[in-house]
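A short reminder: the numbers here are calculations on the coordinates, not readings from a lab. No experiment lies behind these values; they were computed from the predicted model shown. Here Cβ is always computed from backbone atoms with ideal geometry, including for glycine, and neighbour counts include all displayed protein chains.
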Amino acid sequence: MLVGVGILSLMPLRAEPPPQINVFAAASLTDAMKEIGANYKGAELNFNLAASSILARQIIQGAPANIFISADEAKMNDVDKLALLVLGTRHDLLGNSLVVVASLEEKGGFANIQDLAKDKKAKITIGQPDTVPAGIYAKEYLTKVKLWDALKDQLVPTENVRAALAAVEAGNAQYGIVYKTDALISKKVHVVFEVPANEGPKIVYPVAMVAHPEKSHEFFVQVRAFEDYLFTPPAQAIFQKYGFQVLPAPSK
């Protein structure tokens, strides 16, 4: 009997698998979130990276998201008003700005945004202006500077902001209106105009936990720990590396 006890004591304990956290994040966060995921040790992160409008719709239809990071407040509001977020976990995480990009073959820059209207044959990519945050912001800005009507026949809507960037990279469009962060990661485009902060739309990325009452309290704590991590210096340094403006951490 004693021998049996000794044998059992030598057997290694089976390690608990790390928790799986599903992170639904705006497509413009792709590079930053992948790097954060590679550095985070508290859980296994599964990323769903797409236009915020698509992610919001998936969550509303019951997709198993645990964290939602939207590229605008409106899409987060769509989820919030249906009581699908954990109370007290919604916070503003990041800021961004708009730029006009061109392929490297298009030399020079713009003196002002009105220069975008000079070439009547140029194709200009933007995110879908009715659903994709980057496209909504672009339409808001072009309307403000009275260029929307003049340019709307030249605009090429895309399913997300990365697709708008890719079209310019591939030479399928002369210009694109994208986030500054997207322009920074591309080696195939250059910025011809940066929308001044005092003229452009306020671009805020909120984050929140998605409610799943059936999950354990322990899992809730693990998801909350990852959300908190996004506001720590290591995560914020990654966001800044990709050109995002980090916003103050929420008070406890």
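For residue 207, the shell of other residues with beta-carbons less than 10 Å away shows a net charge of -1, using +1 for Lys and Arg and -1 for Asp and Glu. Helix 133-144 and the longest principal axis of the Cα set of the chain meet at an angle near 30°. In terms of packing, defined here as the mean over residues of other Cβ atoms within 10 angstrom, the peptides 53-62, 33-42, 70-79 line up highest first as 70-79, 53-62, 33-42. In the chain, the DSSP beta bridges split such that about 55 percent are antiparallel, to the nearest 5. Sorted on the mean count of surrounding Cβ atoms within 10 Å across their residues, most packed first, peptides 154-162, 188-196 read 154-162, 188-196. Kirkwood radius and radius of gyration were both taken over the C-alpha atoms of region 69-137, and their ratio Rg/Rh is 1.14.
Shown here is the pair-distance distribution of region 63-196: with all Cα-Cα distances grouped in 10 Å bins from zero up to the longest one, the shares run 12, 42, 28, 14, 4 percent. Each part gets one Cα centre, and for region 113-173 versus region 36-88 those centres are 26 Å apart. Pairs of Lys residues in region 102-175 that lie 8 or more places apart, or on two chains, and have C-alpha atoms under 17 angstrom apart add up to 12.
For the chain, the mean residue ellipticity at 222 nm estimated from helices alone is -10000 deg cm²/dmol, where every DSSP H run of n ≥ 4 contributes -39500 (n - 2.57) and the total is divided by all residues, rounded to the nearest 500. The relative contact order of the chain comes to 28 percent, based on Cα pairs under 8 Å that sit 6 or more residues apart. On the principal axes of its alpha-carbon atoms, region 161-252 has extents of 51, 28, 24 Å, going from largest to smallest.
If only the Cβ of Lys and Arg carry +1 and only the Cβ of Asp and Glu carry -1, the dipole of the chain around its Cα centre is close to 220 debye.
The charge dipole of region 47-90, taken about its Cα centre with unit charges on the Cβ of Lys, Arg, Asp and Glu (plus for the first two, minus for the last two), comes to roughly 80 debye. Against the main long axis of the alpha-carbon atoms of the chain, helix 217-229 sits at an angle near 40°. For region 18-120, compute Rh as the Kirkwood radius over C-alpha pairs and then the Stokes-Einstein diffusion coefficient at 25 °C and 0.890 mPa s; write the answer in µm²/s, rounded to an integer. For the chosen part, D equals 152 µm²/s.
A convex hull fitted around the alpha carbon atoms of the chain yields 161 Å³ per residue. If you plug the beta carbon distance of residue 214 and residue 44 into 1/(1 + (r/R0)^6) with R0 = 25 Å, you get a FRET efficiency near 0.80.
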